[in-house]
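The values are calculated or read from the model by the stated rules, or taken from the named source; none is laboratory data. Source: prediction; values computed, not measured. In this analysis, Cβ positions are derived from the backbone assuming ideal geometry, glycine residues included, and neighbour counts consider all displayed protein chains.
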Amino acid sequence: MSKIDYSKYWTSMVGDTAASILKKWVNNKPDKEFIVFRDQRLTWKELDELTAKLASAYLKLGMKKGDRIGIIGPNHVEVLIAWFAAVRVGIVPVPINTRYRKMELEYLIGDSGCKTVFTIGEFGDFQFAKAVHELREKCPDLKNVIVYGSEELNDDSYIYYEGISKQGEIDYKGMEQNEPESSDILMILYTSGTTGVPKGVVHTHDSMLCDSKAYIGEVWHLTDEDVVLLAMPWTHMIGHEIFFNSAFLLGQKVVVMETYNPVMFADLIEKEKVTWFLGVPTMYMLPIIRVPDIGERDFSSFKFGITAGFYAPPEQMKLFKKTYQIDLIQLLGSTEAGAMLMTRRDDPDDVAFNTIGRVVSNKEVKICDESGKEVPKGEVGELLFKGPSIFKYYWNKPDLTKKEKDENGFWHSGDMGRMVDDQGNIQLVSRKKEIIIRGGFNIYPGEIEAFVLNMPEIQMAVLVGYPDKVLGAKTYLNVMLKPGKELSEDELRARFKENLANYKMPDLIKIQSDPLPMLPTGKPDKVTIRSNLLRELGLEDKSL
């Protein structure tokens with residue numbers, strides 16, 4: 001593969017900001033398309049104008065560099081404009097998943113101290129604008145609610161995007177005064193905690209852009225002529241790796257799907273001549289299952305794919321490569337560190353299919369035992385990462401930051417693995433921290449169990465995962481009722497639906513009055529509970 005000169009895209013690993021990159025593409029390619037969504041085709045010049053107007057509106061509302069803005073919406077042009085408008089004047093976005101509900105919204109908006117929330121009025125079966133408005137008393141920092149897509153609210157307590165995006169002058173002086181430095185906070189991206197309390201992961205412009213500057217050149221070999229499909233939620237770290245770290249940084253066209261659909265996935269690759277894609281293995285598998293003419297589609301433009309979110313077994317990787325006729329790599333990433341390990345486009349099959357790859361030049365990895373001592377090649381230990389792309393700290397959680405980032409700057413990932421060869425390729429063995437990855441979404445048993453145990457009827461609750469060929473894993477909730485209490489599965493599921501994201505809804509639920517299997521320590525025996533479930537389902541016991 002020929003070597004690409006990336007000097008025209010960036011000058012060094014650090015120093016760029018979202019504002020400086022936008023200026024570059026507006027000057028160099030103003031009329032080139034950047035965002036394509038349904039019948040909307042937004043050029044760099046149009047993005048500049050729209051984000052300048054909205055950024056000026058933010059400043060007029062009294063926001064300034066360093067203030068936080070919650071952004072709620074699916075993969076829509078409006079939320080991307082809201083995000084870019086914020087970061088170009090140093091306002092810090094807090095992306096909020098549309099699967100979140102009341103309890104989660106209150107925590108994220110309150111913990112981050114959002115001064116403004118930009119939200120879709122309603123999406124799915126949930127009225128986000130009204131839910132956020134009701135949080136004003138509980139979240140004293142919240143002053144403004146900007147709504148898009150819901151003119152029917154007709155309420156003066158909201159600010160309507162459709163109005164402020166079409167009027168008002170651009171405040172060039174204010175924008176210049178608030179333009180961020182590369183070391184300033186870019187965003188706070190929340191990830192669920194093992195104890196049930198979400199963690200706000202703080203990234204700067206440098207830490208986010210340093211991540212992609214290494215792997216785009218060394219591994220992905222992409223240019224501004226490539227076209228990427230965004231099907232992952234923009235609120236996910238993988239979504240940011242696509243629309244910001246890659247497409248925005250290189251000046252590519254990004255084709256946006258509101259939510260993933262396997263038929264639309266195939267249609268858009270054909271129609272928009274998509275050249276590369278990053279998503280969870282499920283997104284590659286579902287078109288093979290559900291698109292009858294998948295083998296007849298014109299995927300000649302499609303050259304490169306990346307699987308992430310959870311491990312894809314060798315037989316799946318081979319099937320994906322054969323079906324789509326693409327170079328295919330695997331990637332291990334996290335909200336804290338972005339892309340941590342990845343295979344290469346020219347790796348032999350034994351490396352490409354049986355390892356999670358190796359680090360790129362902007363990261364250092366070591367594998368350590370419980371005492372912090374590095375283990376020899378072939379032995380299992382925890383993966384520790386260091387480099388300029390590692391997150392800065394957890395928002396409002398200095399003790400947790402000190403616990404997970406040691407005095408030498410290494411972040412303790414909680415992933416357990418072994419180095420298998422002299423090239424540094426690593427096999428992922430298990431996860432030290434309890435985590436179940438369902439279709440690319442992280443589910444932390446501690447969060448779900450804490451939610452259920454707060455219910456007056458529940459004595460004990462255990463959440464475990466079990467293998468699934470399409471989603472990677474599904475979840476099983478086993479609860480024990482307090483003496484004399486009753487609770488139906490329908491009522492329990494209704495409480496999940498009202499308060500938590502829908503991907504956190506257990507796939508299987510068992511409610512019982514009899515005691516759960518217990519350990520001598522007095523804790524539920526999760527190993528036995530999971531083993532019994534797998535035996536009942538006739539499934540093989542695999543690590544999740």
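Would you check if there is a residue in segment 162-174 being closer than 23 Å to A18 by Cβ and either assigned to a strand (DSSP E or B) or not assigned by TED's automatic domain parsing to the domain that holds A82 (or both)? Checking segment 162-174: not a single residue is closer than 23 Å to A18 by Cβ and either assigned to a strand (DSSP E or B) or not assigned by TED's automatic domain parsing to the domain that holds A82 (or both). Each residue in segment 396-416 was checked for being over 30 Å from D67 (Cα atoms) and either crowded, with 21+ Cβ neighbours inside 10 Å or modelled with pLDDT of 95 or more (or both), and 1 of them qualify. Of all residue pairs spaced 6 or more apart or on separate chains, those with beta-carbon atoms under 8 Å, a first member in segment 511-538 that is within 13 Å of N478 (Cα to Cα) and a second member that is modelled with pLDDT of 90 or more and of a type in the set (G, A, S) are I511/S488; R530/G465.
Can you find a residue in segment 379-395 that is surrounded by fewer than 20 Cβ atoms within 10 Å (Cβ to Cβ), touching a residue at least 12 places away in the same chain (Cβ under 8 Å), of a type in the set (V, I, T) and within 19 Å of A352 (Cα to Cα)?
no
Of the residues making up segment 154-164, those that are surrounded by fewer than 17 Cβ atoms within 10 Å (Cβ to Cβ) and in contact with a His (Cβ under 9 Å, 6 or more places away or on another chain) are D155, S157.
Here is the figure for segment 92-120: residues that are in a loop (DSSP other than H, G, I, E, B) and out of contact with any helix residue (DSSP H, G or I) (no Cβ under 6 Å at 6 or more places or on another chain) total 6. With the structure loaded, tell me whether V117 is at pLDDT below 95 and hydrophobic (A, V, I, L, M, F, W, C) or whether it fails that test. No, not satisfied. Considering (1) in contact (Cβ under 8 Å) with a residue 40 or more places away in the chain; (2) more than 27 Å from D206 (Cα to Cα); (3) outside any loop (DSSP other than H, G, I, E, B), the lone condition that L186 does not fulfil carries the number (2).
The residues listed here are F302, F310, F277; of these, the one that is modelled with pLDDT of 95 or more, assigned to a loop (DSSP other than H, G, I, E, B), crowded, with 16+ Cβ neighbours inside 10 Å and in the same structural domain as S212 (by TED's automatic domain parsing) is F302. Looking at this structure, is P483 surrounded by fewer than 19 Cβ atoms within 10 Å (Cβ to Cβ) and not aromatic (F, W, Y)? Yes; evaluated as a whole, the condition is true for this residue. Taken together, the residues in segment 165-183 that are crowded, with 18+ Cβ neighbours inside 10 Å and aliphatic (A, V, I, L, M) amount to 1.
Tallying residues that are of a type in the set (S, T, N, Q), under 27 Å from S183 (Cα atoms) and in contact (Cβ under 8 Å) with a residue 24 or more places away in the chain within segment 21-52 yields 2. T51 passes every criterion in (1) in contact with an Asp or Glu (Cβ under 7 Å, 6 or more places away or on another chain); (2) part of a helix (DSSP H, G or I); (3) buried (at least 23 other Cβ atoms within 10 Å of the Cβ); (4) of a type outside the set (A, V, I, L, M, F, W, C) apart from (1).
Scan segment 321-340 and tell me whether some residue there is under 27 Å from I35 (Cα atoms), touching a residue at least 24 places away in the same chain (Cβ under 8 Å) and in a helix (DSSP H, G or I). Yes - at least one qualifying residue is present in segment 321-340. Restricting segment 280-299 to residues that are among the charged types (D, E, K, R) and in a helix (DSSP H, G or I), the residue that is farthest from I238 (Cα to Cα) is E296.
Okay, residues lined up against (1) over 14 Å from the mean Cα position of the chain (by Cα); (2) surrounded by fewer than 21 Cβ atoms within 10 Å (Cβ to Cβ); (3) assigned to a helix (DSSP H, G or I):
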residue: L209; (1), (2), (3): yes, no, yes
residue: E225; (1), (2), (3): yes, yes, no
residue: T235; (1), (2), (3): no, no, no
residue: I238; (1), (2), (3): no, no, yes
residue: N245; (1), (2), (3): no, no, yes
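If the condition is being surrounded by 11 or more Cβ atoms within 10 Å (Cβ to Cβ), modelled with pLDDT of 90 or more and among the basic types (K, R), then segment 486-544 contributes R493, R495, K497, K504, K510, R530.
If only one of G113, G124, G70, G66 is within 29 Å of V197 (Cα to Cα) and touching a Cys at 6+ places or on another chain (Cβ under 7 Å), which one is it? Matching residue, one of G113, G124, G70, G66: G70.
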